[in-house]
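J.: Pasting a structure below so you can have a look.
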Amino acid sequence: MISFSVNGTSQMIDVDPSKPLLWVLREQLGLTGTKFGCGMAQCGACTVQLDGRAVRSCVTPVSAVAGKEVTTIEGLKGENATLHPLQHAWIEHQVPQCGYCQSGQLMSAAALLAEKANPSDDDIDRAMQGNICRCGMYGRIRAAIKSAAATSSTALFYNAAQVQEQEQEQEETSHG
Amino acid sequence: MGKWTRRTILGAGVVAGGGLIVGVAVRPGNIASEIGSEIAGDNETLVHVYVKIDADNVVTVLVPHSEMGQGAQTALTQMLADELDADWSQVRFEEAPARKEYAMYAAGRGYLFKNVDFADAVVPSIDGMMMKVADALHMQVTGGSMSVRVTGQYCMRVAGAATREMLVKAAANEWNVPEGEITTADSQLYHQASKRTARYADFAVAAAAITPSYTPKLKSADEFKIMGRSVARQDIPAKTDGTALFAMDVQLPGMVYATVRRAPVFGGRIERLDDKAARAMSGVIDVVKLPAASEQGMVGNFSTGESVAVVADSYWTAQRALRSVNISWRADDNGGVSSEAIFEQFSNDIDAGTERATDTVEGDTESAFATADQVLQADYRVPYLAHTCMEPLNATAHVSDDGAELWVGCQNPLGFRHTVAGALGIDAERVSVSNHFMGGGFGRKAIADAAIQAALLSRTVKRPVQLIWSREEDVRQDFYRPAVLSRFKAALDKDGNVQAWENTYVDKHEPAEAPLIPYAVAARNIGHVKSPTHVPFGAWRSVDHSQHGFFTESFIDEVAVAAGKDPYAFRAALLKDKPRHLAVLRKAADAAAWNTPLPEGRGRGVSLQESFGSIVAQVVEVTVVNGETSVDRVVAVVDAGFAISPDGIAAQLESGIIYGLTAALYGEISIRDGAVEQSNFHDYEAVRMAEAPEIETHIINSGADIGGAGEPGTPGIAPALANAVYDATGVRVRSLPLKRFDLNYRITESEATS
């Protein structure tokens, strides 16, 4: 038995420990949002997050995730099914065509934004280089990542500004 | 069994409640009455074969094409909805089921096209697709960039306008007013004089009893409200949260998994098989030999060798078990064939003019060459290419005594139904097909080979089987864009005017006009010779244009250079009688600032290609450093007559360009010992994020007949790239892929010899 958590839910699975996480997710847990593309970590369609880091589930034996937290595309939305800023941006920029690679693209991009709120073009190149899109939507993916980053950081900035304003008000009040 | 359940799978246009099912028929009456019970859900009325209206006034369009990423389902829905005067916020779509009523033949020659004047540009394609095929009744093909320009123009718009007329007629009867006094907008009917209004839903049932017109009045472009707008694609939200269903996502009770290996040499057979180790593995259910398969017809025409499949409790188990099966293959005559031998054969056949047939002969090429000041000759070649859709081939089948059910993502659902029925030896009426989103198609998913394998496996193990091909199988058992050799000769006079153009190439498929050039050259002789190989042919995004775009647009560049002229100005001067081509070319040159000089090591190249009724010009900028080429920027201009969805056509251009760029930079399937050498994305590479250029798209709405969108972006990128490399380095790339060129070496060499 191997136990790990998927999208916040604990799982206990009786499985050959060398079976790749991809097939455990798809066949045993019914989480088919994560896709099979190449089977050798060449295309990124199977990308999920392992403790927040993007990994290729097609070459990750399920034994390697014991005791860890796996996030799949099904777990990318926030509380009450609010879209992740990247999902918003993906729709706004009309990114997907066939859509098959997009779960992997989004999971790689989400890991990037979690690490770097304002990624540079080089950061995007590095983080996304493992994800092939045969429909060739790289320009839209890049634009969407930047726009999600801008929205997220605007939100953070806005919050920070609000906090500052509140602090100032409080200060003024206390001085007054 | 046989009940169409796609609606619930797709998730679009699902309507709650219980209620009416009404229909209409075509000849006589309204065919929708025959199929309404299958297609209309609760509370919905099938008013026309392509339109349902429900009690809440939601219009659902039945789109007879499948979705492989091209977004045509949304564009087709726009076309019907606009002619219907529907409220776009209340319009949905569903993919039409695999039924003969939605076959291209039925839709086309059968009735809707009757008395309709076709645009000249699409007639050969329609005839080619429909009339050359004995089984045209079984075709429901998505390909040839036909969806918008044929189905959209001649089916969806006609259906929308006809349905509007039926609703008006029904309201006029009920209100007892002349039809001409009734107006429509936003899914509502109005009669101003009596101040009466009604929703379309109120008259859906009555309208469904009326026979639709074949020739309703269509809108002119200035009346379009929904066509011409970039609307959001309805399939996109589901493609951002993992809920979009592809065929591989189907999970059935009791379903088992299979994977397969076909004879590596095309057409090969199994000589000996030792499956003891595989059968001993835990989770293995069966090891099955699958027979060779073949199917005739223009689309879905294929033949394959024998295969071995393992059925198991998991794809992973099946894959490991298959690896342990010891198979001796028999290759017969093809076991020694190599790419080198194939190109040698091509060259010999061109030399010999083997069964040469001409595409066009104009003027007197012989005397032009005899009197030429300069004769330019060049051989161009391209290798075989695989499609490598992101989603490897797969199919799920459940075959029982009751018949067969198939879950696939394919470009020809009706064709699959008939092909699989044929393979099982049962009546097509006993096969049902649930079609899904395709994770890429590009031509590969018009061929039913994997679906046949899945059906045979399910029949053998008597359970639902999901067959998944490994990526290696997907690369090695494709139906390939052919390898092609094309030989050119051009005659120039002393002023650098091109007097003659001669071209002979191997391997002719569709479209027939692919090797033709738009330029004013008085004498031309373009033709092809037969030089068959054992490597199976398949339609690959833009088909013959994918090679001829590279050939002709590179060679015309060579001719321009030989004439001592600027490649853009040279082309423009030969397009005086082609105002659409010239406008597209000019726009691209202007947008790319063609005349501004580039620094050392950088280069700019141009191409112009008409394909599938659309004209595309591209200007590519490259940087070549130490022999490494990076593509910096692509400016692309398209004239598709009228862009139904401007963002949709822009996305298709971007997509077609990257697809073609992957082929131009890296794409090569090579043959050794009769089999494909490549196997996966490490040796059959794809353009990735860091290599993807910035792409700038421009759209010209010239008002000409509507052209295609899915393919026209692809042919022009390779020649524009090769021409840019020439501009940067002085090296002429006459063979793809570019990665095979040692630009560094060539530069050194040319410097040393200059």
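The values are calculated or read from the model by the stated rules, or taken from the named source; none is laboratory data. In this text, all values refer to a predicted model and were calculated from it rather than measured experimentally. Glycine gets a Cβ as well: all are built from the backbone with ideal geometry, and neighbour counts include every protein chain shown.
J.: Quick check, is B:L467 outside any helix (DSSP H, G or I) and in contact (Cβ under 8 Å) with a residue 60 or more places away in the chain?
T.: Values: outside any helix (DSSP H, G or I): yes; in contact (Cβ under 8 Å) with a residue 60 or more places away in the chain: yes.
Answer is yes for this residue.
J.: B:R487: at pLDDT 95 or above, within 28 Å of the chain's Cα centre (by Cα) and either outside any loop (DSSP other than H, G, I, E, B) or farther than 27 Å from B:E405 by Cα (or both), yes or no? Please lay out each step first, then the result.
T.: Working: at pLDDT 95 or above: yes; within 28 Å of the chain's Cα centre (by Cα): yes; either outside any loop (DSSP other than H, G, I, E, B) or farther than 27 Å from B:E405 by Cα (or both): yes.
So B:R487 fits the description; yes.
J.: Still on this structure, please answer the following. Could you list all residues from segment B:669-691 that are without any contact (Cβ under 8 Å) to a residue 60 or more places away in the chain and touching a helix residue (DSSP H, G or I) at 6+ places or on another chain (Cβ under 9 Å)?
T.: B:E677, B:D683, B:E685, B:V687, B:R688, B:M689, B:A690
J.: Can you tell me which of B:V638, B:V622 is crowded, with 24+ Cβ neighbours inside 10 Å and farther than 26 Å from B:I226 by Cα?
T.: That would be B:V622, the only listed residue that is crowded, with 24+ Cβ neighbours inside 10 Å and farther than 26 Å from B:I226 by Cα.
J.: List, please: which pairs have Cβ atoms under 6 Å, are six or more places apart or on different chains, and start with a residue in segment B:165-193 that is under 25 Å from B:Y214 (Cβ atoms) and end with one that is β-branched (V, I, T) and in a loop (DSSP other than H, G, I, E, B)?
T.: Close Cβ pairs (under 6 Å, with a partner that is β-branched (V, I, T) and in a loop (DSSP other than H, G, I, E, B)) amount to B:M166/B:I210; B:K169/B:I210.
J.: Any chance you could count how many residues in segment A:24-55 are β-branched (V, I, T), more than 7 Å from chain B (Cβ to nearest Cβ) and over 12 Å from the mean Cα position of the chain (by Cα)?
T.: Qualifying residue count, segment A:24-55: 1.
J.: While we're looking at this one, here's another question. For segment A:93-104, state whether one or more residues are more than 9 Å from chain B (Cβ to nearest Cβ), surrounded by fewer than 24 Cβ atoms within 10 Å (Cβ to Cβ), out of contact with any strand residue (DSSP E or B) (no Cβ under 8 Å at 6 or more places or on another chain) and not in a helix (DSSP H, G or I).
T.: Yes, segment A:93-104 contains at least one residue that is more than 9 Å from chain B (Cβ to nearest Cβ), surrounded by fewer than 24 Cβ atoms within 10 Å (Cβ to Cβ), out of contact with any strand residue (DSSP E or B) (no Cβ under 8 Å at 6 or more places or on another chain) and not in a helix (DSSP H, G or I).
J.: Being modelled with pLDDT under 95, in the same structural domain as B:I285 (by TED's automatic domain parsing), surrounded by fewer than 23 Cβ atoms within 10 Å (Cβ to Cβ) and closer than 30 Å to B:I452 by Cβ: is that true of B:G267 here?
T.: yes
J.: Further question on the same structure: Looking at B:H387, is it away from chain A (no Cβ under 14 Å) and of a type outside the set (V, I, T)?
T.: Numbers: away from chain A (no Cβ under 14 Å): no; of a type outside the set (V, I, T): yes.
No.
J.: Here's something else I'd like to know. Mind telling me which of the residues B:A238, B:A309, B:A277, B:A258 ends up being among the hydrophobic types (A, V, I, L, M, F, W, C), part of a helix (DSSP H, G or I) and either closer than 22 Å to B:V325 by Cβ or free of Cβ contacts under 8 Å to residues at least 24 places away in the same chain (or both)?
T.: The unique qualifying residue is B:A277.
J.: Spot the failing condition for B:A448; the list is (1) under 21 Å from B:A244 (Cβ atoms); (2) away from every other protein chain (no Cβ under 14 Å); (3) touching a Cys at 6+ places or on another chain (Cβ under 8 Å), and only one is missed.
T.: (1)
J.: Out of all the residues in segment B:491-506, which are in contact (Cβ under 8 Å) with a residue 60 or more places away in the chain and surrounded by 20 or more Cβ atoms within 10 Å (Cβ to Cβ)?
T.: Those that are in contact (Cβ under 8 Å) with a residue 60 or more places away in the chain and surrounded by 20 or more Cβ atoms within 10 Å (Cβ to Cβ): B:A491, B:L492, B:V498, B:Q499, B:A500, B:W501, B:E502, B:T504, B:Y505, B:V506.
J.: Separate question: Here is a list of conditions, (1) touching a helix residue (DSSP H, G or I) at 6+ places or on another chain (Cβ under 6 Å); (2) on the phi < 0 side of the Ramachandran plot; (3) surrounded by 23 or more Cβ atoms within 10 Å (Cβ to Cβ); (4) within 14 Å of another protein chain (Cβ to nearest Cβ), and B:A278 meets all of them except one; can you say which number that is?
T.: (4)
J.: Anything in segment B:368-397 that is over 22 Å from B:H545 (Cα atoms), outside any loop (DSSP other than H, G, I, E, B) and touching a residue at least 60 places away in the same chain (Cβ under 8 Å)? List them, or say none.
T.: If the condition is that a residue be over 22 Å from B:H545 (Cα atoms), outside any loop (DSSP other than H, G, I, E, B) and touching a residue at least 60 places away in the same chain (Cβ under 8 Å), then B:A368, B:F369, B:Q374, B:V375, B:L376, B:N394, B:A395, B:T396, B:A397 are the ones that fit.
J.: Which ones in segment B:566-586 are in contact (Cβ under 8 Å) with a residue 60 or more places away in the chain and either over 14 Å from B:E553 (Cα atoms) or of a type in the set (D, E, K, R) (or both)?
T.: Matches in segment B:566-586: B:K578, B:R580, B:A583, B:V584.
J.: Moving on. Looking at segment A:110-140, which of the residues that are among the aliphatic types (A, V, I, L, M) and in contact with a Leu (Cβ under 9 Å, 6 or more places away or on another chain) is farthest from the other protein chains (Cβ to nearest Cβ)? It would help to see each step written out before you state the result.
T.: To start, the set of residues in segment A:110-140 that are among the aliphatic types (A, V, I, L, M) comprises A:110-114, A:117, A:124, A:127-128, A:132, A:137.
Subset that is in contact with a Leu (Cβ under 9 Å, 6 or more places away or on another chain): A:110, A:113, A:117, A:124, A:127-128.
On the way: A:A110: 11, A:L113: 15, A:A117: 19, A:I124: 7, A:A127: 8, A:M128: 4 Å.
Step by step, filter segment A:110-140, then rank; the result is A:A117.
J.: I'd like the full set of residues that are more than 23 Å from the chain's Cα centre (by Cα) and at the interface with another protein chain (Cβ under 7 Å from one of its Cβ atoms), limited to segment B:666-698.
T.: B:H682, B:M689, B:A690, B:E694
J.: Separate question: If a residue must be over 23 Å from the mean Cα position of the chain (by Cα), surrounded by 21 or more Cβ atoms within 10 Å (Cβ to Cβ) and more than 7 Å from chain A (Cβ to nearest Cβ), how many such residues does segment B:223-249 contain?
T.: 1
J.: Which of the following residues is surrounded by 21 or more Cβ atoms within 10 Å (Cβ to Cβ) and not assigned by TED's automatic domain parsing to the domain that holds B:F266: B:I699, B:I695?
T.: B:I695
Quick grid of which residues meet (1) more than 14 Å from every other protein chain (Cβ to nearest Cβ); (2) more than 23 Å from B:P64 (Cβ to Cβ):
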| site | (1), (2) |
| --- | --- |
| B:C410 | no, no |
| B:G425 | yes, yes |
| B:R444 | no, no |
| B:S470 | no, yes |
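J.: In the list B:A663, B:A643, B:A617, which residue meets the criterion of being assigned to a loop (DSSP other than H, G, I, E, B) and either within 14 Å of chain A (Cβ to nearest Cβ) or at negative phi (or both)?
T.: Numbers: B:A663 fails: assigned to a loop (DSSP other than H, G, I, E, B); B:A617 fails: assigned to a loop (DSSP other than H, G, I, E, B).
From the options B:A663, B:A643, B:A617, the qualifying one is B:A643.
J.: Got at least one residue in segment B:425-433 being β-branched (V, I, T), assigned to a loop (DSSP other than H, G, I, E, B) and free of Cβ contacts under 8 Å to residues at least 40 places away in the same chain? Quick ask: steps written out before the conclusion?
T.: Residues of segment B:425-433 β-branched (V, I, T): B:426, B:431, B:433.
From what is left, the residues that are assigned to a loop (DSSP other than H, G, I, E, B) are B:426.
With free of Cβ contacts under 8 Å to residues at least 40 places away in the same chain added as a condition, the list becomes B:426.
Checking segment B:425-433: at least one residue is β-branched (V, I, T), assigned to a loop (DSSP other than H, G, I, E, B) and free of Cβ contacts under 8 Å to residues at least 40 places away in the same chain.
J.: Just to check your reading of the model, which residue among B:T365, B:T388, B:T396 is more than 30 Å from B:Y659 (Cβ to Cβ), out of contact with any Cys (no Cβ under 8 Å at 6 or more places or on another chain) and either of a type in the set (V, I, T) or crowded, with 16+ Cβ neighbours inside 10 Å (or both)?
T.: Criteria check complete, one pass: B:T365.
J.: Kindly provide the set of residues from segment A:56-74 that are buried (at least 21 other Cβ atoms within 10 Å of the Cβ) and within 11 Å of chain B (Cβ to nearest Cβ), ordered by number.
T.: Answer for segment A:56-74, where residues must be buried (at least 21 other Cβ atoms within 10 Å of the Cβ) and within 11 Å of chain B (Cβ to nearest Cβ): A:C58, A:V62, A:T72, A:I73.
J.: When you scan segment A:1-38, how many residues do you find that are closer than 11 Å to A:T71 by Cα, in a loop (DSSP other than H, G, I, E, B) and among the small types (G, A, S)?
T.: Selection size over segment A:1-38: 1.
J.: Something else about it: Does any residue of segment B:699-716 turn out to be at pLDDT 95 or above, part of a helix (DSSP H, G or I) and under 27 Å from A:G139 (Cα atoms)?
T.: No, segment B:699-716 has no match at all.
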